[in-house]
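Peer 1: Here you go, one structure.
The values are calculated or read from the model by the stated rules, or taken from the named source; none is laboratory data. Model, not experiment: these values are computed from the prediction. For neighbour counting, all protein chains shown are included, and Cβ atoms are generated from backbone atoms with ideal geometry for every residue, glycine included.
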Amino acid sequence: MSFNRLSGNEISLEQILHQIRKLTVRIHQSFELMEILKVVVTEVRTTLDSDRTIIYRFLPNGDGVVAEESVNPEWMPIQGQLIYDPCFNAQWVKQYQQGRVGVIEDIDTKPLDPCYKQLLTKLQIRANLVVPILVNNQDLYGISTSSPQLWGLLITHQCSNPRQWSCLEIEFLQLVATQLGIALQQSAIKERLRVEDELRWQQALLRSMTDTSLLGFYVVDNRTDKILYFNDRFCEIWGIEHLKTQMQIGELKNNDIIPDCLPLIADLTAFAESCKPLQSEENRSTVEDEILFVDGRMIRRFSSQIRDIRDRYFGRLYIFEDISEGLRTEIALRESEERYRSVITAMAEGVVLQQVDGRITACNERAEKILGLNTEQMMGRTSIDPRWRTIHEDGTPFPGETHPAIVTLHTGQPQFNVVMGVYKPDGSLTWISINSQPLFRLNELKPYAVVASFTDITARKQIEFALQNQAERERMVFAIAQHIRQSLDLDEILNTTVADVRHFLQTDRVLIYRLNANWSGTVVMESVADGWKAILNMEITDTYFVETQGQSYQQGTIKVTPDIYIGGLTACHLELLEQLQVRAKLVVPILQSDGLWGLLIAHHCRAPREWQLWESELLKQLATQVAIAIQQSQLCQQLQLANQQLENLAMVDQLTQIANRRVFDIKLNHIWHDLLRKKSFLSLLLCDIDYFKQYNDTYGHAAGDTCLTLVAQTLKRTVKRSTDLVARYGGEEFAVILPDSDRDGAIHVAKQIHEAIQQMNISHTASTVKQCITLSIGIATVIPVTDLVTLDLIKAADQALYQAKAQGRNRSFVNRVSF
């Protein structure tokens, strides 16, 4: 068996099998999709000795684009073109999906739809062979379907003359398409595995953070009742460590662990009632409540919805925090204070006696120690003495008029457990809990004095503040992590991060410093307090940092500097920090998988500062979140660029860089309906390059492509209104849409086009009209009405173009027939 070629050459079956084996090896040795496609079209055209071989890829909207091409230099290249074929309907797609092969040996003898034949003619095709490229959905998406997916078409063209395709040629092309389908499946699987690896890395990072938290995390899919995630702390709080392994391997669902959890709850009815709001799909808010356990523990619960990228609700995130110790501390303190009051009403840790005018006339040693004063300093002071510096628990001033002793003197009523912060002379803050008891003389209703007793609760307040601080830190980290997952705006995320951190740390400046390739850097985000220098967008170069290329930071080192003057800094580094008004700093690296991205820095400007360990840990956690946000933003930017490139392929003619036929159809239809409403004129110019085939034959297709581009750009420059549109209509034909332009306006534009083309003076010795490139232009003008459609206007302009050519070319002709 051999190929029957018009050239007379024959290729044996053995040669074809050799080519298939060779092509298969090259396909499966390639790693990039575009390289695979290039190999296929090159080898197929060479083997079949055809004029053009292309791979036509279907786009998601149903159109298709020539993704790769191998073409004989004598014929027009069409790579990148969006093939808009109205004859290619759903019936053809279905037939190709079923494996049908399209064979045309001569377009002049085979019955074809006129529009399809016109398309083939414009593409210089005399015969073609079309084989579908099918891809198994099981490998691409992990699901099984009854039929494979139609990915595209492998097409070979004969342009010079008709061609009789042999069975061996058809089978060869089918075998190549099959191997290409397998390669596409493998490429998709590799991409999916890469994305899965990236997702696993992010999940491992999140798990490393939650596994060390004192909070219990639990995520459930409400659609399937499947447990999506939990950490060890969750199992500890609910006492289900024995179920951990079964939960990890998916043997147990949410409802399976509930029987082990319910016995821990003190009030099941109240718990059931508190769960009702969590079942509502409309309840998007974060729900916070508390659950009392039978063993006396109090568990705080946070719950919020989880939605997918299409904003569809599918599950909930639960966070559990054991707050029992704090409650027990408060209860124990309250009981202790009550017990001591019942024994000795006026005795606690510190005791002072104040007369009716508020003056202190007696105190014990413990009072002096708590307040940091000696007896002489205490005597004679009143509660409203301006030398006292006292505050409420929220940090606001505590006026002397509301001191419990003064209130008791004025009302005769005792005061209990009033919490006050008192600054000692050395500047340290002591927290006290004050009780006051009035002293009455016999038969008098007004107290003559008051005994104020107070205990030092500084340690307890420090614990409370520490717990509150930790909870706020974890909430902030959680909120920023949520914001990162919900937002793709990197600047917004970074701005929120530096602002929240500065507010939380109560420091003067927090910034994000982005490193350049030469190890210099720029301040890309900043939050700075009033009164201090703003350094946003400042470029900073640290000589030592450049020389060492940030080696310590690349290893994750956190730099803590309580005071720049005792930190052992170099003279140049110290000078830089002085210029930036920095007195103390805390620096944490922002690491990416490929190295050091930048630094998260906190500056304290007003004075030295002893940075706490938890502050370093907080910035480290936030730097990790920032790294995730940066990576997420980079992936998003790559996706947007790919989408933009695809959109460009779909809307712009790749040769001339003006609007393509698809845009012309859409724009004309839109303008038609707009002017139908406005009852205004619409003009259409169809322009054809005279004797363009002879131009190609004389100067070659490369020069022809250059000529088409020059003409297209000249038309675009000549038609100046923003509402007008110049588009490539097909081949050497161009269309100009002129909304709100009557017949005279259209004639004027056509005249300008002729003049502009004449000024270009592109040589065309094969033209019988003139020795340079000229245009024939058909003009049609109409006021759109409901009885007409856009095709009527196109036909009228096409008829006018025909008349312009018939009358000698290089001219315009106006179709004056009334519609």
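A quick yes/no check of all residues on (1) among the β-branched types (Val, Ile, Thr); (2) over 27 Å from residue 75 (Cβ atoms):
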residue: 674; (1), (2): no, yes
residue: 685; (1), (2): no, yes
residue: 707; (1), (2): no, no
residue: 726; (1), (2): yes, no
residue: 738; (1), (2): no, yes
residue: 753; (1), (2): yes, yes
residue: 759; (1), (2): no, yes
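Peer 1: Got at least one residue in the stretch 592-605 being modelled with pLDDT of 85 or more, touching a Gly at 6+ places or on another chain (Cβ under 7 Å) and among the hydrophobic types (A, V, I, L, M, F, W, C)?
Peer 2: Checking the stretch 592-605: at least one residue is modelled with pLDDT of 85 or more, touching a Gly at 6+ places or on another chain (Cβ under 7 Å) and among the hydrophobic types (A, V, I, L, M, F, W, C).
Peer 1: Pairs please, first residue from the stretch 704-731 and more than 13 Å from residue 655 (Cα to Cα) and modelled with pLDDT of 95 or more, second anywhere and basic (Lys, Arg) and surrounded by 19 or more Cβ atoms within 10 Å (Cβ to Cβ), Cβ atoms under 7 Å, 6+ apart in sequence or on different chains.
Peer 2: That search, which allows pairs on different chains as well, returns 726/716.
Peer 1: Also: Tell me yes or no: at least one residue of the stretch 376-393 is under 22 Å from residue 440 (Cβ atoms) and not in a helix (DSSP H, G or I).
Peer 2: Looking through the stretch 376-393, at least one residue is under 22 Å from residue 440 (Cβ atoms) and not in a helix (DSSP H, G or I).
Peer 1: Please go through the stretch 720-760 and give me each residue that is touching a strand residue (DSSP E or B) at 6+ places or on another chain (Cβ under 6 Å), farther than 16 Å from residue 815 by Cβ and among the small types (Gly, Ala, Ser), ordered by number.
Peer 2: Within the stretch 720-760, just 727 meets the criteria.
Peer 1: Regarding residue 697, is this residue surrounded by fewer than 21 Cβ atoms within 10 Å (Cβ to Cβ), at pLDDT below 95 and either under 12 Å from residue 725 (Cα atoms) or touching a strand residue (DSSP E or B) at 6+ places or on another chain (Cβ under 8 Å) (or both)?
Peer 2: It is false that residue 697 is surrounded by fewer than 21 Cβ atoms within 10 Å (Cβ to Cβ), at pLDDT below 95 and either under 12 Å from residue 725 (Cα atoms) or touching a strand residue (DSSP E or B) at 6+ places or on another chain (Cβ under 8 Å) (or both).
Peer 1: Restricting attention to the stretch 574-584, does a residue exist that is assigned to a strand (DSSP E or B), small (Gly, Ala, Ser) and more than 17 Å from residue 619 (Cα to Cα)?
Peer 2: no
Peer 1: Could you count how many residues in the stretch 696-741 are over 28 Å from residue 674 (Cβ atoms) and either assigned to a loop (DSSP other than H, G, I, E, B) or within 39 Å of the chain's Cα centre (by Cα) (or both)?
Peer 2: The total comes to 4.
Peer 1: Within the stretch 755-765, can one find any residue that is under 16 Å from residue 684 (Cα atoms), assigned to a helix (DSSP H, G or I) and free of Cβ contacts under 8 Å to residues at least 12 places away in the same chain?
Peer 2: Looking for residues that are under 16 Å from residue 684 (Cα atoms), assigned to a helix (DSSP H, G or I) and free of Cβ contacts under 8 Å to residues at least 12 places away in the same chain, one finds none in the stretch 755-765, hence no.
Peer 1: Of the residues 174, 186, which single one is closer than 24 Å to residue 34 by Cα and at pLDDT 85 or above?
Peer 2: Only one candidate passes the filter, namely 174.
Peer 1: Can I ask one more? Report, ordered by the first and then the second residue, all pairs with beta carbons closer than 7 Å, sequence separation of six or more or different chains, a first member in the stretch 33-50 that is farther than 15 Å from residue 170 by Cα, and a second member that is part of a loop (DSSP other than H, G, I, E, B) and not aliphatic (A, V, I, L, M).
Peer 2: As it stands, the answer is 36/30; 39/30, since those pairs meet every condition given.
Peer 1: Looking at the stretch 15-32, can you tell me whether even one residue there is modelled with pLDDT of 80 or more, at negative phi and crowded, with 16+ Cβ neighbours inside 10 Å?
Peer 2: Scanning the stretch 15-32, I find no residue that is modelled with pLDDT of 80 or more, at negative phi and crowded, with 16+ Cβ neighbours inside 10 Å, so the answer is no.
Peer 1: For the stretch 417-434, which residues satisfy the criterion of being touching a residue at least 12 places away in the same chain (Cβ under 8 Å) and out of contact with any Asp or Glu (no Cβ under 8 Å at 6 or more places or on another chain)?
Peer 2: Result: 418, 420, 422, 423, 424, 425, 426, 428, 429, 434.
Peer 1: Can I ask one more? Being touching a Phe, Trp or Tyr at 6+ places or on another chain (Cβ under 7 Å), surrounded by 18 or more Cβ atoms within 10 Å (Cβ to Cβ) and outside any loop (DSSP other than H, G, I, E, B) is the filter here; which residues of the stretch 442-472 pass it?
Peer 2: Across the stretch 442-472, the qualifying residue is only 461.
Peer 1: Under 7 Å between Cβ atoms, at least 6 apart or on separate chains: pull out the pairs that start in the stretch 554-575 with a residue that is surrounded by 12 or more Cβ atoms within 10 Å (Cβ to Cβ) and end on any residue that is part of a loop (DSSP other than H, G, I, E, B) and at pLDDT below 90.
Peer 2: Here the result reads 561/567; 573/542, each pair linking the stretch 554-575 to a residue that is part of a loop (DSSP other than H, G, I, E, B) and at pLDDT below 90.
Peer 1: Before we move on, is residue 600 buried (at least 22 other Cβ atoms within 10 Å of the Cβ) and under 23 Å from the mean Cα position of the chain (by Cα)?
Peer 2: yes
Peer 1: Same structure, new question: If residue 617 passes every condition in (1) part of a helix (DSSP H, G or I); (2) touching a Cys at 6+ places or on another chain (Cβ under 8 Å) but one, which one does it miss?
Peer 2: All conditions pass for residue 617, except number (2).
Peer 1: Looking only at the stretch 244-253, count every residue that is farther than 19 Å from residue 314 by Cα and buried (at least 18 other Cβ atoms within 10 Å of the Cβ) and tell me the total.
Peer 2: Count: 1.
Peer 1: Would you call residue 235 over 21 Å from residue 467 (Cβ atoms), surrounded by 15 or more Cβ atoms within 10 Å (Cβ to Cβ) and assigned by TED's automatic domain parsing to the domain that holds residue 317?
Peer 2: So residue 235 fits the description; yes.
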